[in-house]
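Here the structure comes first, spelled out in C-alpha cells, and everything after it is commentary.
The values are calculated or read from the model by the stated rules, or taken from the named source; none is laboratory data. Model, not experiment: these values are computed from the prediction. Positions of Cβ are generated from backbone atoms using ideal geometry, with glycine treated the same way; all protein chains shown enter the neighbour counts.
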Amino acid sequence: MVAWLKPENTAVVTGAANGIGLAAATRFLESDMNVVLADNDGDALDAALSSLSSAGDRLLGELCDVTDPGQVRRLKDAAYARFGKVHCLMNNAGAALGRSEPWDELALWKRQVAVNLWGVVHGCQAFVPSMREAGEPVAVINTGSKQGITNPPGGYAYNLSKAAVLAYTQSLAHALRQRNDCPVSVHLLVPGLTYSNMIARFLPRKPDAAWTSPQVVDFMLRGLRNGDFYIVCPDNDTPRRLDERRIQWNADDIIKNRPALSRWHPQFSKEYQAFLEE
C-alpha cells in the first residue's frame, strides 16, 4: 500500500502533458486523487486536460517552465490554494536537447542542465518545506535516467544532467531521513527505454524493445508499494540482471582503475562480455 495514494489527496506532476508524466497523472486520478498537471507547452497541456476532463474539479492545469524558480513557486502556490495540501510531488519534466562534444555548444549544455537538474531542484525547494509540515505521509518522486548512472557515450550533456539528478535525490533522501518524524519519502524513478514523446520525435513507431509510459508508471507504483528508493525499470530488451551488471561494471571502473567508460573500449569487449555471462 502507498500511504499517500488515496482519494482526496493531491499530486503535482511536472512534464505532465505527455509521456510518463501524463501516465502518472492518469493513474493518480484513477485513485481519486486531485492532480495538478504542469507543463511548459500550452497546447499539449490543453490537450492533456481535455483528455482527462472527466476528473472535473479534481484536475488543475498550470503552465510552468521549471527552469524558472519563480514559475515553480507560483505552481506551488496554485496547488496549495486549490487543494490545501500536496501529498506527492513528481518532478518529471525533462528534455533531451541533442548531442554535443564536451567542449562544444555551451548553450546546449546550460539549457540541458537547466531543465533536467534545476527543474528538480526548483521543485523540491518550492514544495518540500511545506510538505515537511504535512503531518501525514507524503512523497517526492524525481525522474532520473540509466544514462545518469552508466554514462554511455554520445549524449554527454543529458548524462551529466541526469547524473546530477541522481546525486541530488540521494542527498535529499538522506537529509530528510535525519529529520525526526519527517513524513516525506523520496524516490528516484529510473525508466528503461520508454516510448515517450521525447523518443517519438526521432522514431515514429515504437521499438519492440521499448516499454510504454503506462508500463513504466505501473512499475513505479509497485516500487512505491515496496518502499524502494531506486525504482530501476526494465524494458523488453533489458532485464534487471543486465542492468545490475552494467551498473556494477561502471562502478568497477573506479575500483579497478580502468579507463573511463571502459565498457565501450574495444580492448575490454571480451572481458565485459565474460562479465555479463558470470
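Summary of computed values
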{"read-out": "Filter pass, Leu176 being touching a residue at least 24 places away in the same chain (Cβ under 8 Å) and either surrounded by fewer than 19 Cβ atoms within 10 Å (Cβ to Cβ) or not assigned by TED's automatic domain parsing to the domain that holds Ala134 (or both)", "value": "yes"}
{"read-out": "Criterion (without any contact (Cβ under 8 Å) to a residue 60 or more places away in the chain, basic (Lys, Arg), touching a helix residue (DSSP H, G or I) at 6+ places or on another chain (Cβ under 6 Å) and assigned to a helix (DSSP H, G or I)) met by exactly one of Arg27, Arg73", "value": "Arg73"}
{"read-out": "Tally of residues being of a type in the set (Asp, Glu) and either within 17 Å of Phe219 (Cα to Cα) or modelled with pLDDT under 95 (or both) across the stretch 9-49", "value": "1"}
{"read-out": "Residues of the stretch 40-70 satisfying the condition of being in contact (Cβ under 8 Å) with a residue 40 or more places away in the chain and either touching an Asp or Glu at 6+ places or on another chain (Cβ under 8 Å) or among the hydroxyl-bearing types (Ser, Thr, Tyr) (or both)", "value": "Asn40, Cys64, Thr67"}
{"read-out": "Those residues of the stretch 30-54 which are within 15 Å of Ala16 (Cα to Cα), assigned to a helix (DSSP H, G or I) and of a type outside the set (D, E, K, R), in sequence order", "value": "Gly42, Ala44, Leu45, Ala47, Ala48, Leu49, Ser50, Ser51, Ser53"}
{"read-out": "Candidates Gly15, Gly61, Gly56, Gly42, filtered to the one that is surrounded by fewer than 19 Cβ atoms within 10 Å (Cβ to Cβ) and closer than 24 Å to Arg73 by Cβ", "value": "Gly42"}
{"read-out": "Boolean, Ala157 is assigned by TED's automatic domain parsing to the domain that holds Val113, assigned to a helix (DSSP H, G or I) and free of Cβ contacts under 8 Å to residues at least 24 places away in the same chain", "value": "no"}
{"read-out": "Checklist (1) surrounded by fewer than 19 Cβ atoms within 10 Å (Cβ to Cβ); (2) not in a helix (DSSP H, G or I) applied to Leu89, failing item", "value": "(1)"}
{"read-out": "Qualifying residue in the stretch 211-229 (condition: assigned by TED's automatic domain parsing to the domain that holds Leu172 and closer than 24 Å to Glu278 by Cα)", "value": "no"}
{"read-out": "Odd one out for Ala134, checked against (1) modelled with pLDDT of 95 or more; (2) assigned to a loop (DSSP other than H, G, I, E, B)", "value": "(1)"}
{"read-out": "Helices (runs of 4 or more DSSP H) contained entirely in the stretch 188-278, each with at least 3 residues that are at pLDDT 95 or above and exposed (fewer than 15 other Cβ atoms within 10 Å of the Cβ)", "value": "213-226, 240-255, 269-277"}
{"read-out": "So Asn142, is it part of a helix (DSSP H, G or I), buried (at least 17 other Cβ atoms within 10 Å of the Cβ), at pLDDT 95 or above and polar (S, T, N, Q)", "value": "no"}
{"read-out": "Yes/no for Leu108 being among the aliphatic types (A, V, I, L, M), closer than 30 Å to Val232 by Cβ, touching a residue at least 40 places away in the same chain (Cβ under 8 Å) and surrounded by fewer than 17 Cβ atoms within 10 Å (Cβ to Cβ)", "value": "yes"}
{"read-out": "Single condition Gln178 does not satisfy, out of (1) touching a His at 6+ places or on another chain (Cβ under 9 Å); (2) at pLDDT 95 or above", "value": "(1)"}
